[in-house]
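The values are calculated or read from the model by the stated rules, or taken from the named source; none is laboratory data. Being a predicted model, the structure only gives us computed values, none of them experimental. Reconstructed Cβ throughout: ideal geometry from the backbone, glycine too, with neighbour counts over all protein chains shown.
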Amino acid sequence: MIVSKDTDFRERSYVEGFPPKIIWLDVGNAGTTAIAELLRRERQRIEHFKKQEETSLLILSLGAIAI
């Protein structure tokens, strides 16, 4: 599983699909503290995503919830 703010990984999941699983952080210039809080807050979604065999991309955002 790859966790990244880089859009290249998001685009890779569209083109190549699974694997690897990508968690794309739509967080702009957010700092480490905000990103860590986001990951803690979204832990259940991340765990669910890990179990989905055919899903390759999860988008996490500091603003609205994104899928």
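Observations on the structure shown:
- Residue 36 meets each of the listed conditions (1) hydrophobic (A, V, I, L, M, F, W, C); (2) surrounded by 16 or more Cβ atoms within 10 Å (Cβ to Cβ); (3) not in a strand (DSSP E or B) apart from (2).
- Within segment 31-56, being out of contact with any Gly (no Cβ under 9 Å at 6 or more places or on another chain) and at pLDDT below 90 holds for 53, 55.
- If you go through segment 20-52 and pick out every residue that is touching a residue at least 12 places away in the same chain (Cβ under 8 Å), farther than 16 Å from residue 7 by Cβ and either touching a helix residue (DSSP H, G or I) at 6+ places or on another chain (Cβ under 6 Å) or charged (D, E, K, R) (or both), you end up with 4.
- Selection within segment 51-63 - over 10 Å from residue 19 (Cα atoms) and over 11 Å from the mean Cα position of the chain (by Cα): 51, 52, 62, 63
- Qualifying residue in segment 13-33 (condition: of a type in the set (S, T, N, Q), within 13 Å of the chain's Cα centre (by Cα) and assigned to a loop (DSSP other than H, G, I, E, B)): no
- The residue that is surrounded by the fewest Cβ atoms within 10 Å (Cβ to Cβ), counting only those in segment 39-62 that are touching a strand residue (DSSP E or B) at 6+ places or on another chain (Cβ under 6 Å) and aliphatic (A, V, I, L, M), is 59.
- Scoring residue 63 on the criteria (1) more than 20 Å from residue 8 (Cα to Cα); (2) in a helix (DSSP H, G or I) leaves a single failure, condition (2).
- Test: residue in segment 11-30 that is surrounded by fewer than 16 Cβ atoms within 10 Å (Cβ to Cβ) and at pLDDT 95 or above: no
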